[in-house]
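Undergrad: I have a structure here, written as structure tokens, and I will follow up with some questions on it.
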């Protein structure tokens, strides 16, 4: 059986690779890209976003948004209404991220079948040698 060791990429990279490692660790989260993609359409209320991101729990959406706000990728606006209305939108920094994410999506879509086949062949070889 194969052993896989997972490490925090940001702390195990050379200094010049650390920024991209940290950003990729954030973007590699299960929900971040889906949230960013849905916010790319404009300002969205929390409850709308919860409905748009299929399968996300309220807690995970809260944690994901909190992380994105902390990184300056998402702006959070609270309207002084009863009950308070909370809207989220991409910041200018995040707007600059949309093109590379779109290119990554195109690449992933075009290569997923090949990657899936490579994984299948690798796993078959691993199970034969075990």
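Undergrad: From (1) under 27 Å from residue 106 (Cβ atoms); (2) out of contact with any helix residue (DSSP H, G or I) (no Cβ under 8 Å at 6 or more places or on another chain); (3) modelled with pLDDT under 95, pick out the condition that doesn't hold for residue 9.
TA: Every condition holds for residue 9 apart from (2).
Undergrad: I'd like to know if the range 44-51 contains one or more residues that are surrounded by fewer than 15 Cβ atoms within 10 Å (Cβ to Cβ) and assigned to a loop (DSSP other than H, G, I, E, B).
TA: Checking the range 44-51: not a single residue is surrounded by fewer than 15 Cβ atoms within 10 Å (Cβ to Cβ) and assigned to a loop (DSSP other than H, G, I, E, B).
Undergrad: In addition: Within the range 111-123, can one find any residue that is assigned to a helix (DSSP H, G or I), in contact with a strand residue (DSSP E or B) (Cβ under 7 Å, 6 or more places away or on another chain) and at negative phi?
TA: No, the range 111-123 contains no residue that is assigned to a helix (DSSP H, G or I), in contact with a strand residue (DSSP E or B) (Cβ under 7 Å, 6 or more places away or on another chain) and at negative phi.
Undergrad: I'm trying to understand the selection: among the residues of the range 85-104, which are under 16 Å from residue 24 (Cα atoms) and either surrounded by 14 or more Cβ atoms within 10 Å (Cβ to Cβ) or in contact (Cβ under 8 Å) with a residue 12 or more places away in the chain (or both)?
TA: If we filter the range 85-104 for residues that are under 16 Å from residue 24 (Cα atoms), which is where we start, we get 93-94, 96-104.
Within the range 85-104, 93, 94, 97, 98, 101 meet the criteria.
Undergrad: Next question, about the same structure. Does residue 24 satisfy the condition of being at pLDDT 95 or above, in a helix (DSSP H, G or I) and either in contact with a strand residue (DSSP E or B) (Cβ under 9 Å, 6 or more places away or on another chain) or farther than 30 Å from residue 129 by Cα (or both)?
TA: Details: at pLDDT 95 or above: no; in a helix (DSSP H, G or I): yes; either in contact with a strand residue (DSSP E or B) (Cβ under 9 Å, 6 or more places away or on another chain) or farther than 30 Å from residue 129 by Cα (or both): yes.
No; evaluated as a whole, the condition is false for this residue.
Undergrad: Among the residues of the range 60-84, write down those that are in contact (Cβ under 8 Å) with a residue 24 or more places away in the chain, in a helix (DSSP H, G or I) and either farther than 23 Å from residue 96 by Cα or over 12 Å from the mean Cα position of the chain (by Cα) (or both).
TA: 60
The values are calculated or read from the model by the stated rules, or taken from the named source; none is laboratory data. This one's a predicted model, so the numbers in the text were calculated from it and none came from an experiment. So basically every Cβ, Gly included, is an ideal-geometry build from the backbone, and we count neighbours across all protein chains shown.
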